[in-house]
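First the structure, in the form of structure tokens, and then the observations on it.
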Amino acid sequence: MCALAGCGAPHSASAEKCGEAPVAAAGELKTILRASAFGADALILGSAALPGGSIVVAYEGNPEEAGGEEGWTPDPGLVLLGEDGSCAPFPAPSVDGVRVGLDAQPVAVDSDGRLYLWDPEDRRVVREKVGGSWEMVTMLPERFLSYQPTPDVAVDPDGDVYLSGDYRVSRVTATGSLEDVAGNGEQGRTAEAGTKNLPRPGTSAPLPEVRAIRSTPSGALVMATKSAVMTLDAGTLSLLADKNSTAAEEARLTERTQLTALEVTPSGDVLVSDLPGRRILRLREQAVTVLVESPSYLSLSPGGALLPDGAALLVHQDGGQSLAVYGMSSD
């Protein structure tokens, strides 16, 4: 089913206006696209901003109910939300002769403006090459993802690609294989397990579930578990924030904290989503403040939340019912 004005068939989208321009005043949280544009029960699953100002959006037009549904048929799609709020189909590319599925998820955009997609059917991460063709980055082994449907992807300033699995972070080598840089593949038994005995070598102990990763301007990695934020720099894992380190902060992390996504600004500020708190936090020089909070559930876009000009963030609302932008201030 396609509810966009002018749509002729499932998975097609006209260039008619379906949303709003991705622009917001400083401090404003503005909805720019509602999932209902793709069907009555649709959800927005992922998004990533491209250098020209348009946004790749992945949606599911017929999401499966929590209890499961016999005979359920998925109805995924990819669209391009333009700077003027219009939608057009995003053509699924072919890589090594195999077309990427319509259930692909945008997972990163690097400093060269290349889009990275996770293709779950073939368990591969692919990217657009400079010039327009596409190539495979890596294929994931079966046990890399057991609990999370999509890997988080970070690309550092040197072009090195990192992926987070359930309990590890790995670097893609020159041959496309994966080399662990944090965690050892074993499950940390408690959320606090990952924050003990820090700093320590990145692969010296198990980690709890890794929720998100991003690269800093200096090339270090920032990673979030359910209730802690850590950095990995030159192979050493260090604590940036958890419930103990922020106990005296007004925007402290607590037992109820569930971190879901990360972003790092060009100035090095770390932004992190706290889902139950319905807020996005800013970590600056180990001080934690609330950047934005809302009556609706908020999560930074997992495909990359920072718009190219740095003036706004992409934010998913209420479990993917809508996509919003939050205007950043210059402070």
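Things worth noting here:
- Whole-Hz couplings from phi, Karplus 6.51/-1.76/1.60, listed for the stretch 264-281; x for Gly and Pro: 10, 7, x, 7, x, 5, 9, 10, 9, 8, 10, 4, x, x, 6, 8, 10, 9
- Net charge of Cβ neighbours under 12 Å - reference Asp318; Lys, Arg +1; Asp, Glu -1: +2
- Taking the square roots of 5 times each eigenvalue of the Cα gyration tensor of the stretch 151-301, largest first, gives ellipsoid semi-axes of 24, 17, 14 Å.
- Amide H to amide H, with H built 1.01 Å from N, Gly165 comes under 5 Å of Ser170, counting only residues 5 or more places away or on other chains.
- The stretch 151-301, relative contact order in percent, only Cα pairs under 8 angstrom and at least six apart counted: 15 percent
- Taking a straight Cα-Cα cut-off under 28 Å and skipping sequence neighbours fewer than 8 places away in the same chain, the lysines within cross-link reach of Lys30 are Lys17, Lys226.
- The amide H of Thr203, built 1.01 Å from its N in the peptide plane, has Gly183 as neighbours under 5 Å, considering only residues 5 or more places off or on other chains.
- One chain, two ends: Ser294 and Asp84. Fully extended at 0.36 nm per residue, the span grows by 73.0 nm beyond their Cα-Cα distance.
- Under 5 Å, built H, 5+ apart or other chain: amide partners of Val137: Val125, Val126, Arg127
- Label separation (Glu121 vs Ser36): 3.1 nm, computed from points 7 Å beyond Cα along the C-beta direction.
- A simple count of charges around Val98, restricted to other residues whose Cβ falls under 11 Å of its Cβ and scoring Lys, Arg +1 and Asp, Glu -1, yields -2.
- Rounded to the nearest whole Hz, the Karplus-based 3J(HN,Hα) values (6.51 cos²θ - 1.76 cosθ + 1.60, θ = phi - 60°) of the stretch 121-137 follow the sequence 4, 10, 6, 9, 9, 10, 9, 7, 7, 4, x, x, 6, 10, 9, 7, 8, with x at glycine and proline.
- Paramagnetic reach from Thr73 (point 7 Å along Cα→Cβ, amide N under 20 Å) across the stretch 84-128: 101-104, 121
- Full extension of the chain between Asp331 and Glu65 gives 91.5 nm of extra length, using 0.36 nm per residue less the Cα-Cα distance.
- Backbone phi angles across the stretch 29-42, fed through the Karplus curve with coefficients 6.51, -1.76 and 1.60 (θ = phi - 60°), yield HN-Hα couplings of 9, 10, 6, 10, 7, 9, 4, 4, 5, 10, x, 4, 10, 5 Hz in residue order; Gly and Pro are listed as x.
A short reminder: the numbers here are calculations on the coordinates, not readings from a lab. Everything numeric here is computed off the predicted structure, so don't read it as measured data. With ideal geometry, Cβ positions are generated from the backbone for all residues, glycine too; neighbour counts draw on all protein chains shown.
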